[in-house]
Ligand SMILES: [Fe+2]
Ligand SMILES: [Fe+2]
């Protein structure tokens, strides 16, 4: 983990996470999360407040009456939904930048992360996970290490060819002696986020580790793999195509998550609907 620590040392410069956003993430994940404190913190940031109101008034959350204050959002939508909106708003700025070393244009990592988080949230609910919002956050931030490693990788002037067989994780390990999962975990630990979030991030490419038996790790890993089996992020196409045949083919490599297989059709349908509804709101 020492190498990973090196890369996050100057992270404030590379990947600035606004203090308010970070506080929102921490408060939302406290065991006794206080509504008043959460609302107060969100209101300190006009941009975050505007963002939350826009999200809360969207079709995504299915409300007819206009919501005009952060407290309103909390009262009407409930704490769990508010946490999800707050976490999402707090992460947009961090994940939207382009990651050239990964051939990711502006917004691409954000779209991918949001898709994985949306799907992980639904899978976690079906699996009756205890802390659904921690799994959501872990899924949303699973690739945050790419934001940190983009610059160091560019300095290695590595260019990925179209027919390249080497995985990105292998490239990172070869050139930087760490990878984006490890660095992501170190960053989230530095931010003081709980293990329920940092561990799934750290192990999302290493499902064979003993600690990967945790439900959160399995769900994030599965959601990431499934999103890769959909074609939502190809070019500008907003149409989803879930490749069931590819899933059947690769199923043996995926972690077993309670109630997933028997509800797969429903889960994917809900995911596609939610993703479609949120395209405008989250500027996907
Ligand atoms: Fe990843
Ligand atoms: Fe990913």
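Remark: residue 228 matches the filter, which requires a residue to be within 12 Å of ligand 2 (Cβ to nearest atom) and free of Cβ contacts under 8 Å to residues at least 24 places away in the same chain.
Table: residues versus (1) within 21 Å of residue 228 (Cα to Cα); (2) not in a helix (DSSP H, G or I).
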| site | (1), (2) |
| --- | --- |
| 50 | no, no |
| 54 | no, no |
| 68 | no, yes |
| 111 | yes, no |
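The residue that is modelled with the highest pLDDT, among those in region 1-33 that are in contact with a helix residue (DSSP H, G or I) (Cβ under 7 Å, 6 or more places away or on another chain) and outside any helix (DSSP H, G or I), is 29. If only residues of region 235-268 that are within 20 Å of the chain's Cα centre (by Cα) and surrounded by 13 or more Cβ atoms within 10 Å (Cβ to Cβ) are counted, the one that is modelled with the lowest pLDDT is 240.
Of the candidates 196, 138, the single residue that is surrounded by 15 or more Cβ atoms within 10 Å (Cβ to Cβ), away from ligand 1 (no atom under 16 Å from the Cβ) and either modelled with pLDDT of 95 or more or in a helix (DSSP H, G or I) (or both) is 196.
Of all residues being more than 16 Å from ligand 2 (Cβ to nearest atom) and modelled with pLDDT of 90 or more in region 163-193, which is surrounded by the most Cβ atoms within 10 Å (Cβ to Cβ)? Just the residue, please.
Initial filter on region 163-193 (more than 16 Å from ligand 2 (Cβ to nearest atom)): 163-166, 173-178, 186, 189-193.
Add one more test, that the residue is modelled with pLDDT of 90 or more, and what stays is 173-178, 186, 189.
Details: 173: 15, 174: 12, 175: 16, 176: 21, 177: 13, 178: 23, 186: 26, 189: 20.
If we take residues in region 163-193 being more than 16 Å from ligand 2 (Cβ to nearest atom) and modelled with pLDDT of 90 or more, then 186 is surrounded by the most Cβ atoms within 10 Å (Cβ to Cβ).
No other residue among 119, 94 is over 25 Å from residue 45 (Cα atoms), under 17 Å from the mean Cα position of the chain (by Cα), touching a residue at least 60 places away in the same chain (Cβ under 8 Å) and outside any loop (DSSP other than H, G, I, E, B) apart from 119.
For every residue, the table says whether it meets (1) over 18 Å from residue 279 (Cβ atoms); (2) crowded, with 21+ Cβ neighbours inside 10 Å; (3) at pLDDT 90 or above; (4) touching a helix residue (DSSP H, G or I) at 6+ places or on another chain (Cβ under 7 Å).
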position: 86; (1), (2), (3), (4): yes, yes, no, yes
position: 92; (1), (2), (3), (4): no, no, no, yes
position: 97; (1), (2), (3), (4): yes, no, no, yes
position: 100; (1), (2), (3), (4): yes, no, yes, yes
position: 106; (1), (2), (3), (4): no, no, yes, no
position: 115; (1), (2), (3), (4): no, yes, yes, yes
position: 126; (1), (2), (3), (4): yes, no, yes, yes
position: 149; (1), (2), (3), (4): yes, yes, yes, yes
position: 161; (1), (2), (3), (4): yes, no, no, no
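The values are calculated or read from the model by the stated rules, or taken from the named source; none is laboratory data. This is a predicted model, so every value here is computed, not measured. Every residue, glycine among them, receives a Cβ derived from its backbone with ideal geometry; neighbour counts consider all protein chains shown.
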